[in-house]
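**Student:** Quick one: this structure, given as structure tokens, is what I'll be asking you about.
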Amino acid sequence: MAARTPIVGGNWKMHLDRAGARDLLRELRAELDGVEGVEVVICPPAPWLGDAADALDGTSLHVGAQNAYWLPHGAYTGEVGAAMLIGTARYVLVGHSERRHVFGETNEDTGRKLSAVLELGLLPILAVGELQAEREAGTTREVLREQVDAALSDVDRLPEGFVIAYEPVWAIGTGLTATPEIAQSTIADVRAMVADRFGEATAESCRIQYGGSVNADNVGDLAAQPDIDGALVGGASLDASAFATICRAVAGAGGAS
Ligand code: PGA
């Protein structure tokens, strides 16, 4: 079985002014450039993407955007077209729970974004996750299948190392992390969904992160699970040394098969 390189994303959300972003980029570069055994993606707010591209140029760290619109240009005030990210970002978060639940993005919107990002040769990080009520009602698998199927409905093949982030909505920003067992079994379910659609080989190469209140203390047990290929980190990604600890723990966990 081919080894998967785990991937850790730092999702800064709508935090930091420009000076704070530049400081954090400098610290991250010093802490993490050249780190082995893990791919690292930094996702700053859109206005600081250019600064991030400059600060991380020539390093092993990648820049990711938190969102993108599917059309290349036009009268869409306030939107950033995925095509505009070429040359700046390598990854694009698609379908983050805050896009879905705060801004009302549908599964269909997520699918359009994902297809646009892939067609442009950028790499999506597809975020999926169930609400607390859905987990309690026992419908997690159905909800995730709907999200995965809708996001990938127009996609014929997934690139090697495609990234999905499983982020239970009830764990995001709440301090409530899914147990390693819940995260492992749900991520195994998501991998099986990818296998149903694209075959075993693609599913085995697909990287599936866990996200939701990941920190330097809980990441080790999560990353040690066989199906968990890294983390998508919100709050703890704003502290360079905590984020670097998380990245190193994932690199050292060897959880990926
Ligand atoms: P959190 O956010 O680590 O602050 O829970 C995770 C995310 O939204 O990607």
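The values are calculated or read from the model by the stated rules, or taken from the named source; none is laboratory data. A quick note: this is a predicted structure, and the numbers were derived from the prediction, not measured. When we count neighbours, we look across all protein chains shown, and the Cβ atoms used for this are built from the backbone with ideal geometry, even at glycine. For accessibility, only protein heavy atoms count, side chains too; no ligands or nucleic acids. Shrake-Rupley method; radii C 1.70, N 1.55, O 1.52, S 1.80 Å.
**Student:** What percent do you get for the relative contact order of the chain when only Cα pairs under 8 Å and 6+ apart count?
**Tutor:** With pairs under 8 Å counted, the relative contact order is 22 percent.
**Student:** Could you give each residue of region 39-49 its phi-based ³J(HN,Hα) in whole Hz, using Karplus coefficients 6.51, -1.76, 1.60 with θ = phi - 60°, and x for Gly or Pro?
**Tutor:** 9, 10, 10, 9, 10, x, x, 3, x, 9, 5
**Student:** Follow-up question, since we're still on this one. At a 10 angstrom cut-off on C-beta neighbours, averaged per residue, how do the peptides 55-63, 203-211 rank from highest to lowest?
**Tutor:** Order by mean packing, descending: 203-211, 55-63.
**Student:** Now for a separate question. Which percent of the accessible area of the chain is formed by carbon and sulfur heavy atoms (probe 1.4 angstrom)?
**Tutor:** The nonpolar share, carbon plus sulfur, comes to 50 percent.
**Student:** Loop only by DSSP, 13 or fewer other Cβ within 10 Å of the Cβ. Give me the chymotrypsin sites (Phe, Trp or Tyr not before Pro) in region 69-163 that pass, ordered by residue number.
**Tutor:** Filter output for region 69-163: TYR76, PHE103.
**Student:** Collect residues whose amide H, placed 1.01 Å from N in the peptide plane, falls under 5 Å from the amide H of GLU39; neighbours closer than 5 in sequence don't count.
**Tutor:** Placed amide hydrogens put ILE7, VAL8 under 5 Å from GLU39.
**Student:** Here's a follow-up. If you plug each phi of region 109-125 into the Karplus form 6.51 cos²θ - 1.76 cosθ + 1.60 with θ = phi - 60°, what whole-Hz ³J(HN,Hα) values come out, in order, with x for Gly and Pro?
**Tutor:** Coupling constants for region 109-125: 4, 4, x, 5, 5, 4, 4, 4, 4, 5, 4, 7, x, 8, 10, x, 10 Hz.
**Student:** Using modelled amide H (1.01 Å from N, peptide plane; none on Pro or chain starts), what sits under 5 Å from the amide H of TRP12, excluding residues fewer than 5 places away?
**Tutor:** CYS43
**Student:** Also: Before rounding to the nearest 500, sum -39500 (n - 2.57) across all DSSP H runs of length at least 4 in the chain and divide by the residue total; then give [θ] at 222 nm in deg cm²/dmol.
**Tutor:** My calculation for the chain gives -11500 deg cm²/dmol from helical runs alone.
**Student:** Additional query: In Å, what Rg and Dmax follow from the Cα atoms of the chain?
**Tutor:** Calculated on Cα positions, Rg and Dmax stand at 16.8, 48 Å.
**Student:** Determine the per residue accessible area of the chain with all protein chains present and a 1.4 angstrom probe, expressed in square angstrom.
**Tutor:** 43 Å²
**Student:** First select every other residue whose beta carbon is under 15 angstrom from the beta carbon of GLU79; then total the charges, Lys and Arg +1, Asp and Glu -1.
**Tutor:** Numbers: positive: ARG99, ARG112, LYS113; negative: GLU105, ASP109.
Every neighbour counted, the sum reads +1.
**Student:** May I ask for the distance between the Cα centers of region 211-227 and region 56-103, given as a whole number of Å?
**Tutor:** For region 211-227 versus region 56-103, the Cα centre distance is 26 Å.
**Student:** First obtain the Kirkwood hydrodynamic radius of region 1-141 from its Cα pairs, then insert it into the Stokes-Einstein equation at 20 °C and 1.002 mPa s, and state the resulting D in µm² per second as a whole number.
**Tutor:** 132 µm²/s
**Student:** Grab the other residues whose beta carbon is less than 12 angstrom from that of GLU98, score K and R as +1, D and E as -1, and report the net.
**Tutor:** In short, +1.
**Student:** Follow-up. Work out, in µm²/s and without decimals, the Stokes-Einstein translational diffusion coefficient of region 118-254 at 25 °C, 0.890 mPa s, Rh from Kirkwood over C-alpha pairs.
**Tutor:** Answer, rounded: 161 µm²/s.
**Student:** Please give, to one decimal in nm, the separation of the simple spin-label points placed at SER60 and THR5, each 7 Å out from Cα toward the Cβ.
**Tutor:** The answer from the label model is 0.9 nm.
**Student:** Here is a follow-up. Report the full-extension gain for the segment GLU200 to THR174: residue separation times 0.36 nm, less the Cα-Cα distance, to one decimal in nm.
**Tutor:** Roughly 5.9 nm would be gained on extension.
**Student:** Counting pairs of Cα atoms in region 120-195, how many percent are more than 21 Å apart?
**Tutor:** For region 120-195, the fraction of Cα-Cα distances above 21 Å is 27 percent.
**Student:** What percent of all Cα-Cα pairs in region 1-62 falls into each 10 Å bin, going from 0 up to the bin containing the maximum distance?
**Tutor:** Bins of 10 Å from zero give 21, 54, 19, 5, 1 percent of pairs.
**Student:** Another question, if that's okay. Can you tell me the dipole magnitude for the chain around its Cα centre, using point charges on the Cβ only (Lys, Arg +1; Asp, Glu -1), in Debye to the nearest 20?
**Tutor:** With Lys and Arg at +1 and Asp and Glu at -1, about 300 debye.
**Student:** As an exercise, find the ratio Rg/Rh for region 176-219 from alpha-carbon atoms, using the Kirkwood inverse-distance average for Rh.
**Tutor:** 1.06
**Student:** Between ALA75 and ASP33, with labels modelled 7 Å along Cα→Cβ, what's the label distance in nm to one decimal, could you check?
**Tutor:** 4.6 nm
**Student:** While we're here: What GluC sites (Glu not before Pro) does region 19-75 have in DSSP loop regions with at most 12 other beta carbons within 10 Å? Mind showing how you got there, number by number?
**Tutor:** Numbers: sites: GLU27, GLU31, GLU36, GLU39; in loops: GLU36.
When the GluC sites (Glu not before Pro) of region 19-75 are filtered for loop state and at most 12 Cβ neighbours within 10 Å, GLU36 remain.
**Student:** Also: Counting Lys and Arg as +1 and Asp and Glu as -1, what is the net charge of the other residues whose Cβ lies under 14 Å from the Cβ of ALA216? List each step's numbers first, then the result.
**Tutor:** Values: positive: ARG248; negative: GLU31, ASP217, ASP221, ASP239.
Combined, the nearby Lys, Arg, Asp and Glu give -3.
**Student:** Report the calculated FRET efficiency for ASP239 and ASP156 (r = Cβ-Cβ distance, R0 = 51 Å), to the nearest 0.05.
**Tutor:** The value I calculate is 0.80.
**Student:** What is the set of long-range amide H partners of ALA165 at a cut-off below 5 Å, with H atoms built 1.01 Å from backbone N?
**Tutor:** Residues meeting the criterion, in which the H sits 1.01 Å from N, are LEU126, ALA127, VAL128, GLN209.
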